[in-house]
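Notes to accompany the following structure.
Derivation of every value follows stated rules applied to the coordinates shown; laboratory data play no part. Not measured: the values here are computed from a predicted model.
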Amino acid sequence: MANTGERLVDRTESHARTSPSAQSVGRVGLSKAEYVSRGHDRQACCREKFGYTMPAHRVREIARLAIRHGWDIEGALRAVGMPPPSPGLQYPRITRTATTAVLQHLWRTTNDELMGLGPKPVPLGTFRLLAFALCSAPNLSTALARFGECRSALPGIPAVFASSSDGATTLAIDIAGFTEPLDLLADVLLALTHRAINWAIRRPLCLQRVDLPHRRPRGNTDYHVMFGAPVEFSAPRAALIFDSAALSEPIVRDQEEVEKFLRNSPSGMIAQFDFYSSHSDRVRRIIEARLGGRRCTADEIAAGVGMSRQTLRRRLRDENTSVTDIKEDVLREAAMASLAKGDETIAALSERLGFSDPSAFTRAFRRWTGEPPTSYR
């Protein structure tokens, strides 16, 4: 297991050094006004084509946790038909089904719903009891209060504190008892809390801000996908901030829905990633949909997101990217995924990705990674 985790760390660190796109500026730290001006589109959240690529820094954090806790990563990968990591193998885009299967395997093998990350073990079935206890609450405010009452009997689960002032509610998670790196834990616990609320009230809880107690990671990040709200780093707490009016939102899930949700967990949580979508995410989806066919022009992409080419350029500039950068990123990921699988020749791959000939593809690949495509087979 340690070898698997070490290979994951080595692979992502090597990728971060050699890939320009891995060092691109992340899309967080935007002001509230910028988020409001660009708006949010709620996408269908139950697509299997999850389309999420985990940033290298997060893969490294998970790999180091796997080493420390002896997680059976190889067994988890085998459970979803994925090969163990090896030098030069690009980590694939993550589907909801694969992520669900991996987490379910780790839950079973650790016999802990926090996989050993909490101050005390959380036995399997704990969150099931909590879910049934909370689903009968009339509204979000009551559910949060009930969680506090239940939590006193479940010391392995972090405490959650809600406070309201000037029309805004701060929902803070106490991670003081955790000994693991606070950056990953704060991110994951806040994201899971947000998604659980989204699911319970059957609508996205629009956040005004997210407070994280760690510094902003270097390189590409995924906070725009996780929260769809401005993020304040190096904050004194891990917290979600939202309009206090949301506390009166009714809990609309019955026991049958809770049972189905738990049976498929954490698939429902992962599906919530599509509640929010930045302009760069929407452009990416358009480009990905056209892979293998005629390449779409910048004007066609702009029309696909419902704005002029000039407006789209400004919106993407606000997110520190461009249509060209996103195209390059999509092509790079598609190329690495194909090379890792090894079932497509270089000539066929270059043609499918729209390159004039294999040599043009090879030059582009060297520009992306610093190595020839043959080194990734």
Alpha-carbon gyration tensor eigenvalues x 5, square-rooted, for region 189-270, Å:
26, 16, 9
Quick one: Cα centre-to-centre distance for region 336-361 and region 106-128, in angstrom?
43 Å
Please list the radius of gyration and Dmax for region 331-374, considering alpha-carbon atoms only, with Å as the unit.
9.0, 23
Under the Karplus curve 6.51 cos²θ - 1.76 cosθ + 1.60, θ = phi - 60°, whole-Hz ³J(HN,Hα) for region 330-344, x wherever Gly or Pro sits
5, 5, 4, 5, 5, 5, 5, 5, 5, 5, 5, 6, x, 9, 9
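Scaled to the compact-protein estimate 2.2 N^0.38 Å, what is the alpha-carbon radius of gyration of region 279-376, rounded to two decimal places?
The value comes to 1.14.
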Working out 0.36 nm times the residue gap between Arg314 and Ser163, then minus their Cα-Cα distance, what length gain in nm do you get to one decimal?
50.6 nm
